[in-house]
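Structure, as structure tokens:
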Amino acid sequence: MKKWYALCSVLLLFSALSFFTVKVNQSHIKRLNVDYQISGSTYVNKSSISKTKLSKRTKQILVVVGNGSHAKIQLWQKKGKKWLKKMATNGHVGKYGIGKTHEGAMKTPYGAYKLTFAFGTSNPGTKLPFRNITPNSWWVEDSNDPNYNTWQEGGSFNKPSEHLIDYPVQYKYGIVINYNSKRVPWKGSGFFVHVSNGGYTAGCVSLSRSKMNYLMRTIKPGAYILNINNVNQLKRF
């Protein structure tokens with residue numbers, strides 16, 4: 001009988017140790033998962049923003065971290081010597097993500113670009129220069145046109161030029177990304193931040209109407225957009 005009690009005691013002790021080991025391992029795994037989420041490819045903090053060269057040239061940076069056609073979007077603003085996160089949301093980029101692009105590639109241009117002027121069918125109170133869309137408003141995307149990659153008013157322009165008023169959802173609010181400012185044919189044209197229609201874009205950055213309304217009212221002249229694929233790429237800018 002004593003041997004039986006001794007055996008039971010050993011078994012109970014072994015079970016207790018096994019349970020404790022499992023709990024410790026689970027706790028360790030959970031901690032690793034948290035650490036991974038914190039250091040993952042979409043996490044941006046004020047320290048990483050303040051260390052960029054870009055932070056010395058502007059007081060507002062719209063950071064877009066792509067993951068396929070999806071993106072994490074954050075607006076950072078400098079107040080005094082500190083960078084503050086003013087907005088964080090989900091959004092979309094080009095069908096084939098962020099990268100080197102050209103006309104028709106359906107990729108959002110990688111890199112940092114100025115946000116030059118706002119446009120749309122209504123103005124919620126933007127601080128940027130604003131252009132109102134009319135029935136004759138076009139963004140010229142025909143590489144053979146001398147007005148390539150510019151806003152023009154006219155009857156019609158060759159494909160793939162965009163007749164802006166044909167997109168009342170997306171272009172309710174829009175902000176121009178100053179990509180290919182030298183207007184090099186075939187390099188790419190018509191990249192904007194605009195209202196999402198719920199899916200990928202042809203190369204623009206899109207987010208909800210309410211968040212876009214906020215950006216329209218908050219973005220100031222001199223602001224930049226930074227399109228990257230992971231946080232480690234911040235150090236390049």
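Of all residues in region 200-215, which are hydrophobic (A, V, I, L, M, F, W, C) and part of a helix (DSSP H, G or I)? Met212, Leu215, listed by residue number.
Here Lys79 meets each of (1) in contact with a strand residue (DSSP E or B) (Cβ under 7 Å, 6 or more places away or on another chain); (2) modelled with pLDDT under 95; (3) not acidic (Asp, Glu) with one exception, condition (1).
Hey, among the residues in region 117-160 that are of a type in the set (S, T, N, Q) and touching a Gly at 6+ places or on another chain (Cβ under 8 Å), which one's farthest from Gly222 (Cα to Cα)? Among residues in region 117-160 that are of a type in the set (S, T, N, Q) and touching a Gly at 6+ places or on another chain (Cβ under 8 Å), the one farthest from Gly222 (Cα to Cα) is Asn136.
Per the listing Ser143, Ser161, the residue uniquely under 22 Å from Val193 (Cβ atoms) and either of a type in the set (Val, Ile, Thr) or modelled with pLDDT of 95 or more (or both) is Ser161.
In the condition set (1) surrounded by fewer than 22 Cβ atoms within 10 Å (Cβ to Cβ); (2) more than 19 Å from Asn67 (Cα to Cα), Phe119 is compliant with all but (1). On the stretch given as region 151-173, residues that are in contact with a Lys or Arg (Cβ under 9 Å, 6 or more places away or on another chain) and surrounded by 14 or more Cβ atoms within 10 Å (Cβ to Cβ) total 3. Filtered by the rule that a residue be assigned to a strand (DSSP E or B) and touching a Ser or Thr at 6+ places or on another chain (Cβ under 9 Å), region 94-111 gives Gly94, Ile98, Gly99, Thr108, Pro109. Those strands (runs of 3 or more DSSP E) of region 141-199 in which 2 or more residues are aliphatic (A, V, I, L, M) occupy 173-177, 192-195.
Pairing each residue of region 105-124 that is touching a residue at least 24 places away in the same chain (Cβ under 8 Å) and within 13 Å of Ile225 (Cβ to Cβ) with any residue that is of a type in the set (S, T, N, Q) and surrounded by fewer than 18 Cβ atoms within 10 Å (Cβ to Cβ), provided the two are 6+ apart or on different chains, yields C-beta distances under 6 Å for Tyr113/Asn178; Lys114/Asn178; Thr116/Asn178. Restricted to region 132-149, and to residues there that are surrounded by fewer than 17 Cβ atoms within 10 Å (Cβ to Cβ) and either out of contact with any Ser or Thr (no Cβ under 8 Å at 6 or more places or on another chain) or in contact (Cβ under 8 Å) with a residue 60 or more places away in the chain (or both), the residue that is nearest to Ala105 (Cα to Cα) is Asn144.
Residues in region 174-184 that are without any contact (Cβ under 8 Å) to a residue 60 or more places away in the chain and on the phi < 0 side of the Ramachandran plot were compared, and the one that is surrounded by the most Cβ atoms within 10 Å (Cβ to Cβ) is Gly174.
Here is the figure for region 17-75: residues that are assigned to a helix (DSSP H, G or I), modelled with pLDDT of 50 or more and aliphatic (A, V, I, L, M) total 2.
The values are calculated or read from the model by the stated rules, or taken from the named source; none is laboratory data. Please read all numbers here as calculations on a predicted model, not as lab measurements. Positions of Cβ are backbone-derived with ideal geometry, glycine not excepted, and every protein chain shown enters the neighbour counts.
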